[in-house]
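Below is one structure, written out as structure tokens; the observations come after it.
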Amino acid sequence: PTPPAGRSRVTLQIIADHLSVSTATVSLALRDSPLVAEATRGRVREIARQMGYSYNRSAAALRTDRTNIIGVGFHDITNPYFAELLAAIDGATAAYGRSILLGTYAEDLERQERVLNSLAEYRPDGMILCPAGGSTADSLRHLVDAGVPIVQLSREVPGLGLDFVGADDRHGILQAMEHLIGLGHRRIAFLCANESISTGRNRYHAYREGLTAHGLSIDPALIYFAYGTRENGLKGIQQVLDAPAPPTAAICMNDLSAFGAMLGLRHRGREAGVDFSIVGCDDVKEAAQWFPALTTIHNFQNQMGAKSAEFLLRRIAEPAAPQQRLLLTPELVLRGTTCPPR
């Protein structure tokens, strides 16, 4: 078949006329409907491909009030933890014919507002959000008031009544503290503490709780406040090692900061798992590949991402359904970066 000049002019009617079928048949075939015989579906798709037909998503959205787009707002995808969450969301939503539209905003509240407003302009059927540090209920209120179905993932802004999927951060850090204290450590640092995000608050407070439960003092000189990046992990370990009474172990906010801390130890001629203990949090794929392999807290991010997609698809289908909240229980994964104090 010869398409008319300009691919944009190829319509369902043109394809239908070429095949001597109805436009309804063409439409159903292009959506892979079982109402159309498989042989006919194949013919329609092949002719559409040859003619250069492009599905008009905007027109379809006007007809159905659905775009089949899921907006995803993340503060960071350079952290492999969030890349793994995104892959899990994409896999779960693709199975239901949804496409992902991604926006990122670092830890910048003004940029977050711009990005979320831009995502909303595409009229997504719903959004999965991991809010930037310092976000408040007011940061997301306009989306909630506009009726956009939203699921919060990993990080949570309280006071909005939104569905949430995350990890029980307190449980994970307390496991790590029990492990280190059980090895004999009494001077334990916390790297990249951050109270502007829910995960940071939960993990830092659990660290303090673990010390107190064992009668150990909380020493501000062993706490480094920052976002959890490789650079901050490297800076943080060097700062706490310079404390008057330095630590023999450190719990890190996430695996990225743990990788930085391991490099920082090497700058000082020391090695994790030999003369210092490091525990990360998240268990990204890279953690098992480091040398030594990183002892860390596994947060089940594949299940977390998939569950957030399931929650959102349910919320889209049933806007008035009761709020859903899921905390997955983390597991401590022992590898090569912890040892008794020397």
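The values are calculated or read from the model by the stated rules, or taken from the named source; none is laboratory data. Keep in mind that what you see is a predicted model, and the values were worked out from it rather than measured. Positions of Cβ are generated from backbone atoms using ideal geometry, with glycine treated the same way; all protein chains shown enter the neighbour counts. To get the accessible areas, we keep the full protein, side chains included, count just its heavy atoms, and leave off ligands, DNA and RNA. Shrake-Rupley method; radii C 1.70, N 1.55, O 1.52, S 1.80 Å.
Quick look at the numbers
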| read-out | value |
| --- | --- |
| Within the accessible area of the chain (1.4 Å probe), percent carbon and sulfur | 52 percent |
| Residue among VAL44, ILE188, GLY133 farthest towards the positive dipole end of the chain, charges placed on Cβ | VAL44 |
| Ordering of 231-237, 111-117 by burial proxy (mean other Cβ atoms within 10 Å per residue, highest first) | 231-237, 111-117 |
| Farthest toward positive dipole pole in the chain [+1 Lys/Arg, -1 Asp/Glu at C-beta], among LEU102, VAL157, MET262 | LEU102 |
| Calculated P(r) of segment 130-281 - Cα pairs past 23 Å, % | 39 percent |
| Fraction of antiparallel bridges per DSSP, the chain only, in percent to nearest 5 | 10 percent |
| Other-chain or far-sequence residues with amide H under 5 Å of ILE223's (modelled H) | PHE190 |
| Segment 200-323 - charge dipole about Cα centre, Lys and Arg +1 at Cβ, Asp and Glu -1, debye rounded to 20 | 180 debye |
| Label corresponding to Cα extents along the principal axes in Å when calculated from the structure given, among [x] 84, 41, 31; [y] 78, 57, 41; [z] 59, 46, 43 | [x] |
| Computed magnitude of the charge dipole of the chain (debye, nearest 20; Cβ of K, R +1, Cβ of D, E -1) | 660 debye |
| Given charges at Cβ of Lys, Arg, Asp, Glu: segment 278-324 dipole, positive-most of PHE300, ALA321, VAL284 | ALA321 |
| Per residue value of the accessible surface for the chain (all protein chains in place, 1.4 Å probe), Å² | 45 Å² |
